[in-house]
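Single-structure report; data block below.
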Amino acid sequence: MFDENGNYDIRYQLRGDQKVSQNIILITLKNTEFSKMYDLKTSSLINTNELSDLSDSFYWDRDLWKDLLTKVLADNPAKVGITLYFGDNVGQLRLTTQEIIAFKDPRVIWAANSNEPEKLSLPIATKADRSNIAHIDTVKDDDGVVRRLIVSPDSIIPNIAERMLPVLTKHTTSSLPIINYKGHHLFQEVSLSDVLSNDLPKDFFKNKIVIIGAEKSINSQVQTPIGVLSRHEFWATVTENIVSHSFIKKLSSGVYAGFLLILTCFAILIITSYPQAIALFFLVWLATLSAAFSAWIFDGFYIWIPIVSPMSLFIFVWVLFIGHQALKIEQAHARLQQQQNYLAELEQLKNNFVSLISHDLKTPIAKIQAVLDRVLAQGPLTPELQSDLSSLKDYSEELNRYIQSILKVLRVESRDFKILKETADINGIIENVVERLSPLARSKKIELYLNLEPMFLIEIDVTLMTEVFLNIIENAIKYTPESGRVTIRSFETDTDVCVEIEDSGEGIAPEDQELVWKKFVRGKSQDYKTKGTGLGLYLVKYFIELHGGQISMKSELKKGTAFLVKLPIETTDTNST
């Protein structure tokens, strides 16, 4: 209802060139042709460029009009319409026989000065039944532009286009049809001199509608949506509309509502089926398609389909969609924040619980170990008792390692955990670790082979890196059978310090190699062969990545496992995680 504002100016102006009408021909009376004629009669020069108020009477010359109409009617045109008013403005005339034949020919239609009875003055050649006259009044909108045609069945006389119509077709229309302006230069146009000089082809006007008008006179120009048209070109446009049934047509409100409803369904389907960026692309494409469809229907079938309404609809749906998405995101964010708070509280409870349990277990384990050491140191014991006490001591130490591993995990995963970097020698750290683990290696008759190249000092957290190599080398010794070998090699590249630890153990199954880096995960083949918490390699990987380094593993069953640690020579400061 609000999109169509009563005019279609932009639609008309955006049109391209239209095909020239073959049914209508214009004869244009130029000012210069009449000024020359007056110059010959009066022996004076008339500058028509200075005459801005030429009236229709300026173009009256009875002999000239008799010759003009005679020549045109000789080609047997369908109708001849004269858009200039010649009545009381040219005085009282007694027509000759030849003039009566030409002027009152049933094919000739003369323009009356008005459509209103109280203002009506009849043309000079009016028939008794007034069948050869028509009005040329136009209805202007508030801005002075003519967009509609006056058609009234109750009118005294019809407009000039309706008078000429019945020869070619019958047409019924509304009382104020919307004129379909198809552009300038839509009709063939000739001048007065072209007709009188016999320069036109034979039968040029045959079966054509001929409309005669002036180039310039008072009120002879009509303001239209496509610019100024001369009066006879305007009435030619109206006549062409009637002949081709091309007045603008409007469908019922229900049809337009259904069209917008279909577009709404498509828009909703798109925005609910695709991601936001793709949905926006499809909406723009759909809007462009609907605009092109509207323009095609308007130009091809003269049916008005709204464009602004669909565009507004798509924008409105998109804004609603964005608002809906924003609301969903806000709600999801609120739920996420609530869950994060809940998880943070839960994590804190878990950490407090594990820390409390671990701390409370450390004290009794320490006391048990102290009692066992005291008993073992007091004197000779029976072999059975000696073995049992040693086993108890081993079990207590194993339990203590479990508790220490859990505490380490809790510490590194806490939010306030920080690494303390200092300049250190990787080789020195490795040698200290090997020295600590030598008794374990000797107990299994495992050879520890060191091949350490001299290297520059780098910035690392000595405690964490000691833990890294202690875990890797201890695992290598633990999972290597007796009389095996563990090789530790260090070297430098352009960007990294590298340490490789290789053992001759049983290796790790391919399906387990990606799992060993996770918490509380151990190789399935080792679950019942060796003791462990499944936390060592998780901590190793975590500590190395805190330093910006990498750790990789190669392993084959029955051939052993090799770990390669890479630490960057130049590191950025990492204070917390």
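Here, each number is a calculation from the coordinates, and none is a lab measurement. Keep in mind the model is a prediction, meaning the values are calculated, not measured. Cβ placement follows ideal geometry from the backbone for every residue including glycine, while neighbour counts extend to all protein chains displayed.
Descriptive notes on the structure:
- Over the chain, the fraction of Cα-Cα pairs per 10 Å bin, rounded to whole percents and listed from the shortest bin up, is 3, 12, 15, 11, 7, 6, 5, 5, 6, 7, 9, 8, 5, 2, 1, 0, 0.
- Given LYS19/LYS71; LYS445/LYS519; LYS182/LYS208; LYS71/LYS127; LYS71/LYS104, the pairs whose alpha carbons are separated by over 24 Å: LYS19/LYS71; LYS445/LYS519
- Based on DSSP H segments of at least four residues, each scored -39500 (n - 2.57), the chain has a per-residue ellipticity at 222 nm of -15000 deg cm²/dmol.
- Positive minus negative residues near ILE460 (Lys, Arg vs Asp, Glu; Cβ under 10 Å): -3
- Set of lysines with alpha-carbon distance to LYS558 below 16 Å, sequence-local pairs under 8 removed: LYS478, LYS524, LYS529
- Computed E for VAL190/GLU330 - FRET, C-beta separation, R0 56 angstrom, nearest 0.05: 0.15
- In terms of other Cβ atoms within 10 Å, GLU511, GLU506 run from fewest to most in the order GLU511, GLU506.
- Cα long-axis angle, helix 31-42 against the chain (0 to 90 degrees, to the nearest 10): 20 degrees
- Taking the longest Cα principal axis of the chain as reference, the axis of helix 383-413 is set at about 30 degrees.
- The alpha carbon centroids of the stretch 185-227 and the stretch 245-281 are separated by 44 Å.
- Extension gain from LYS444 to ASP67, taking 0.36 nm per residue of separation minus the Cα-Cα distance: 122.3 nm
- Rounded tilt (10° steps) of 276-301 against the dominant C-alpha axis of the chain: 10 degrees
- Total formal charge among the other residues, if their Cβ is under 11 angstrom from that of GLN18, Lys/Arg +1 and Asp/Glu -1: 0
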